[in-house]
Amino acid sequence: MIDLPHSPAADRNKEPILAQLTEILGERGTALEIASGTGQHAVWFAASLRGWTWQPSDVDPQMLPAIAGRVARSGLSNVLPPQQLDVTAHRWPFTQKFDAIFCANMLHIAPWAVCVGLMAGAARHLAPGGMLITYGPYFEKDVPPAPSNLAFDESLRARDSTWGIRELDDVVGEARRNGLALAQRHPMPANNLLLVFVVS
Ligand SMILES: C[S@@+](CC[C@H](N)C(=O)[O-])C[C@H]1O[C@@H](n2cnc3c(N)ncnc32)[C@H](O)[C@@H]1O
């Protein structure tokens, strides 16, 4: 069997994220996953959320065969072929709207323009009553930063000066400019947050 790219972090966080998604999402719907990476999350979530049709995507064309390979191995019928999607594109390659848009661990490993693109595109592609769910580390006003997040932020900025852990207020402000309101904030293991934005 061919080795597929693998993220140890995705293996660690997939269960706690799924536990939240199971509480937050209804019985059925369509979900667009942005920045699917290795596809580990896509198959893990779709295997449990059987009433959901899962659309994986990533900006990196090299990840698409890995995602497709994982989906094929899983035998799941509720995962669509992965699509290339750069959230900063003014048009996303989908005509339909989605009941949920899920995005893990992208905002800090990308320039700020990617947050701008995510919020604008989510506003265009969420169905009425739909939600944007993001997962990752954030800095919060009035919450002392975890030392591990400070060190992570420093290492990100050393790799690329446009990267870095985002201020939650900035992300919420960008969402608001696009008609999305922060509705839920769930603390997650390892100083991460799972956020739910809804059309306001
Ligand atoms: C750290 S990985 C996270 C992968 C996966 N979501 C996870 O949590 O394991 C960050 C991902 O963001 C994707 N990405 C970066 N910029 C993007 C953009 N402009 N549009 C869509 N995806 C992007 C990268 O290709 C990469 O797969």
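To keep it simple, each residue is scored yes or no on (1) of a type in the set (Phe, Trp, Tyr); (2) more than 14 Å from the ligand (Cβ to nearest atom).
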site: His6; (1), (2): no, no
site: Ile34; (1), (2): no, no
site: Thr38; (1), (2): no, no
site: Trp44; (1), (2): yes, no
site: Gly51; (1), (2): no, yes
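Against the list (1) within 21 Å of Glu15 (Cβ to Cβ); (2) surrounded by 15 or more Cβ atoms within 10 Å (Cβ to Cβ), the condition Asp153 fails is (1). Is one or more of the residues making up the range 133-146 away from the ligand (no atom under 14 Å from the Cβ), part of a strand (DSSP E or B) and of a type in the set (Asp, Glu)? No, every residue in the range 133-146 fails to be away from the ligand (no atom under 14 Å from the Cβ), part of a strand (DSSP E or B) and of a type in the set (Asp, Glu).
The set of residues in the range 70-101 being more than 25 Å from Leu195 (Cα to Cα) and more than 15 Å from the ligand (Cβ to nearest atom) consists of Ala72, Arg73, Ser74, Gly75, Leu76, Ser77, Pro81, Thr95.
Restricted to the range 184-200, and to residues there that are assigned to a strand (DSSP E or B), open to solvent by 60 Å² or more (accessible area, probe 1.4 Å) and not charged (D, E, K, R), the residue that is farthest from Phe98 (Cα to Cα) is Pro187.
The values are calculated or read from the model by the stated rules, or taken from the named source; none is laboratory data. Everything quoted here is computed from the prediction, not taken from an experiment. Glycine gets a Cβ as well: all are built from the backbone with ideal geometry, and neighbour counts include every protein chain shown. The protein model used for the area step is the full one, side chains on, heavy atoms only, and it has no ligands, DNA or RNA in it. Shrake-Rupley method; radii C 1.70, N 1.55, O 1.52, S 1.80 Å.
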